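Presented below is the structure to which this report refers.
The values are calculated or read from the model by the stated rules, or taken from the named source; none is laboratory data. Only a predicted model underlies this, so the values are computations on that prediction, with no experimental measurement involved. Using ideal geometry, Cβ is built from the backbone for each residue, glycine included, and neighbour counts are taken over all protein chains shown. To get the accessible areas, we keep the full protein, side chains included, count just its heavy atoms, and leave off ligands, DNA and RNA. Shrake-Rupley method; radii C 1.70, N 1.55, O 1.52, S 1.80 Å.
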Amino acid sequence: MCGIVGYIGSGDAVPVLIEGLQRLEYRGYDSAGIAVAGRSGLKVHKRAGRVDDLVATLPKRHRGGVGIGHTRWATHGEPTDVNAHPHLDASGHVAVAHNGIVENAAELRAKLAAEGIDLVSDTDTEVIAQLVGIRAADMALEDAVREALSMIVGTYGLAVIDDRRPDRLVVARNGSPVVLGVGRGAHHVASDVAALVRHTDQVVHLDDHELAVLHADSYRTFTLDARPTDKQPATTEVTATAFDLAGHDDYMHKEIHEQPTTVARTLSGRLDRRFATAHLGGLDLSARDLLGVRRVKILGCGSAYYAGLAGALLVEGLSRIPADAETASEFRYRNPVIDADTLYVAVSQSGETFDTLAAVQEIKRKGGDVIGVVNAPGSTIAGECGSGVYIHAGPEVSVASTKSFTSTVVAFALLALHLGRVRDLGPGDGTRLIDGLDALPGAIDEVLRAEDAIATVAREVIAPAASAFFIGRVRGYAVALEGAQKLKEVSYIHAEAYPAAELKHGPLALVGPEVPTVVVVPDDHLLDKNLASVEEIRARRGLVIAVTDAPAGALGEGGTTGPGGDGRFAAVLRVPRTEPELAPVLLGVPLQLLAHHAALALGRDIDRPRNLAKSVTVE
Ligand code: G6P
């Protein structure tokens, strides 16, 4: 949520900052800005809108050897030019870019006003700029930042420059990520390595309550109370190519098509055929610890939560340990009972989501055990959990999650297999699942080869609709939830998911020829029940698209498929058969393509849906 970048070195900061902001735009894209300091003082340029709008209006003589930049997702104050970051202090010497929330901003604003300082924006960040500015004339910039931060309650990833001290850039972290990049004759800063990897692979992740002072050729790190922390750079595994479009028109499409590879990576080295189980090296729990687990509780937000719902079914199904998933935000605020026999699992692609992190902290505070299922290595949630399962899907750029959803479900299949084999799941079933998991990358590839047919359905049935339902039972319901989420996120078509049997308890009132329903029909013991729901919809002249792994003809579709067909279904999207427990992995993929192509047909900005951001580091 919001991206910050910074540069200090012998070159010009401006192109580096702009390129960095383009890399970080997924974190927020309602306004952007840069501030640079050079011989002619501080120059600030900021605009409501995208980074491209900022570039289009950038004055030619905007240069400087040190600078900071920001791309915003508004929390305090509308996305206007004035509210865009960086923010300046009243003297106009200090500029601040901030990611996070100052919780006591109102109180500090009042205090500053009483001291005669007028704030020009509606943002909480300007308060930090003013607090630093008051002090920076008389002390080292890092000391001024440190003092200002001692007055702040809240979270921050912060970058500060002062044109009277263009030899330094000061950054600090509490709750929002800050990574330093060590270059040749230059140092970089960003919220995410994505913005650094074109310049260096040597990075330093700041910890919470840490501050760094960067010069062109050196850096120092400290705790907020000024004790040196002596952080050494590490080599990041993330490469610049992970952020190329690789011939695709958007990242969502690229990431959907990466899934055969990313699922193979999630599985890599983890299938143990000898003992018919999964080997999870990052899980710091012995077989004896796992024997003591009486319940599994999975927590996450958005698509991570939906992947957790699919994961709970896998865990309960294979290990027979009661398992469920809940949104992290609800969990943390309902004063949950934390049970010593429960294994808590925090799910997060970014490893940064504030509500998920807060839920983890609440569990730990009450003495519970929590593991992570996380994509971003070294992220805050991964660190806070200490142990867990990395999904290894690689950097996900598109706001709408695709490959990380799929890999998270696969990671849960591995966890469930591991838990199951410690308990009552026999080696025969273990081997059956290993074979199924092994075949998933090839099966996903087969689904992707049907893209053209899915795109036609998206264009002709989904895109013209103002609203759509997604229904399913048990495994199919978790898939339906994520399918509806994808469609509403990227196409802005209103979409709602229901357990299939719930349709008749309300939503059926809306079903008719204008409202298509996507029915997720796994080839399991509930197939006939799902077909009964299809008939309820058809009786109201509703269009039905089935997504299934059942063999041709099993849904009574009788060759009348295709948009405009007059048979039972407007379309049947078929995926290869897999082991029943793994069906959600494959059934989800056509729904990603359906959402993508509906959005494309409607001319949406697929990778940057309105009002959203990829990484939500605020409540
Ligand atoms: C945001 C994103 C979603 C994501 C959710 C949780 O809302 O737009 O795509 O599912 O956050 O993110 P996480 O990084 O914790 O998986």
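Before moving on, here are some points about what is shown:
- Matching strands (runs of 3 or more DSSP E) fully within region 467-529 where at least 1 residues are within 23 Å of the chain's Cα centre (by Cα) and outside the structural domain of G300 (by TED's automatic domain parsing): 467-472, 494-499
- Matching residues, region 457-471, being open to solvent by 10 Å² or more (accessible area, probe 1.4 Å), of a type outside the set (D, E, K, R) and in contact (Cβ under 8 Å) with a residue 60 or more places away in the chain: V461, A463
- Test: L573 is part of a strand (DSSP E or B), open to solvent by 10 Å² or more (accessible area, probe 1.4 Å) and in the same structural domain as A484 (by TED's automatic domain parsing): yes
- Residues of region 187-203 classified as over 16 Å from G69 (Cα atoms) and buried (at least 20 other Cβ atoms within 10 Å of the Cβ), total: 3
- Selection from region 95-108 of residues that are open to solvent by 10 Å² or more (accessible area, probe 1.4 Å) and either among the acidic types (D, E) or touching a Leu at 6+ places or on another chain (Cβ under 6 Å) (or both): E103, E107
- Criterion violated by E496 - all others in (1) within 16 Å of the ligand (Cβ to nearest atom); (2) open to solvent by 40 Å² or more (accessible area, probe 1.4 Å) satisfied: (1)
- Residues within region 120-145 that are touching a Leu at 6+ places or on another chain (Cβ under 6 Å) and under 18 Å from D225 (Cα atoms), tallied: 0
- Residue among R273, R265 that alone is in the same structural domain as P395 (by TED's automatic domain parsing), over 20 Å from T617 (Cβ atoms) and crowded, with 18+ Cβ neighbours inside 10 Å: R265
- Pairs meeting the criteria (first residue in region 597-617 and within 30 Å of L357 (Cα to Cα) and hydroxyl-bearing (S, T, Y), second residue assigned to a loop (DSSP other than H, G, I, E, B) and within 11 Å of the ligand (Cβ to nearest atom), beta carbons under 7 Å, at least 6 apart or on different chains) are S615/M1; S615/S350; S615/E352; T617/M1; T617/E352.
- Enumeration of residues in region 284-307 that are open to solvent by 30 Å² or more (accessible area, probe 1.4 Å), more than 16 Å from the ligand (Cβ to nearest atom) and assigned to a helix (DSSP H, G or I): A287, R288, D289, L291
- Of all residues making up region 238-259, the number that are open to solvent by less than 20 Å² (accessible area, probe 1.4 Å) and in a helix (DSSP H, G or I): 6
- Long-range neighbours under 7 Å by Cβ, at least six apart or interchain, first residue without any contact (Cβ under 8 Å) to a residue 12 or more places away in the chain within region 18-33, second part of a strand (DSSP E or B) and surrounded by 24 or more Cβ atoms within 10 Å (Cβ to Cβ): none
- Residue pairs whose Cβ atoms lie under 7 Å apart, sitting 6 or more positions apart in sequence or on different chains, and linking a residue in region 478-493 that is aromatic (F, W, Y) to a partner that is outside any helix (DSSP H, G or I) and at pLDDT 95 or above, are Y492/R604.
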